[in-house]
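Since the structure comes first, as structure tokens, the remarks are kept for the end.
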């Protein structure tokens, strides 16, 4: 079995990204320890702990690949797992998410990156334990899988998972969920350590008190478990930092209170953020703007701005870590 056979059997195509990924995996080879996937009720229990909905969990369990029955898929699984675990905990490594597989080859392809996740959970747990990280934090962090699978079903109407860029960071041991927020170990363009701050979909509204509670937890956590890192600031890229929000929201609103300690670090908009603000505010799935709810000031602002022919922007900023 080699990359050429795998490409043909799984209909992977010959795009530049796919070719580069297969070439990397071919050179890398399988991991030193064999990959194992939980089966049956063991798999269901693990998926439950990872907060995957029952309907998806049953599909995932039913389609679990086997090295003898699915040799091409297993070849990919072993090497994708290896590519993640070989740099466990190294925040200086540049990572690229692996491509999605062609869905018409079956449910195991749709859930391929879920199987990578399940296969890698034991290695993540061992790494966390080696750092002394509480098991509760480990499971809270790993539960991102449930959200990723749920988002896929909502957006595409079928089971799957295509947020593998982000889940690969979680599996690499450099992302931790502390309350409402996730933080990732990293360095800035000048080599200065920093924490990337990320806002998962689940967890309730962004109330300032909850937001700042997570922010206050970050520095003590990383100083304790990753003392060699030493970040003093968190950075983020989000529509929440778009100055245009000041045109619509009062100064005492939740979002404006969240923004107060942030400093923009980009000189111009990083990217158009229409999709990200629609996704976060409305769980948007392509419906006409006139059909979106208009219950809050933020909902009305998002729609009015877009209907006026304007764009929202993702902006980049930093905030000191308490």
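The values are calculated or read from the model by the stated rules, or taken from the named source; none is laboratory data. In this text, all values refer to a predicted model and were calculated from it rather than measured experimentally. Every residue, glycine among them, receives a Cβ derived from its backbone with ideal geometry; neighbour counts consider all protein chains shown.
In table form, for the structure just shown:
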| item | result |
| --- | --- |
| Those helices (runs of 4 or more DSSP H) lying entirely in the stretch 32-147 with at least 1 residues touching a residue at least 60 places away in the same chain (Cβ under 8 Å), surrounded by fewer than 22 Cβ atoms within 10 Å (Cβ to Cβ) and on the phi < 0 side of the Ramachandran plot | 40-49, 54-62, 71-85, 112-131, 135-142 |
| Some residue of the stretch 278-292 being in the same structural domain as residue 252 (by TED's automatic domain parsing), closer than 22 Å to residue 206 by Cβ and exposed (fewer than 14 other Cβ atoms within 10 Å of the Cβ) | yes |
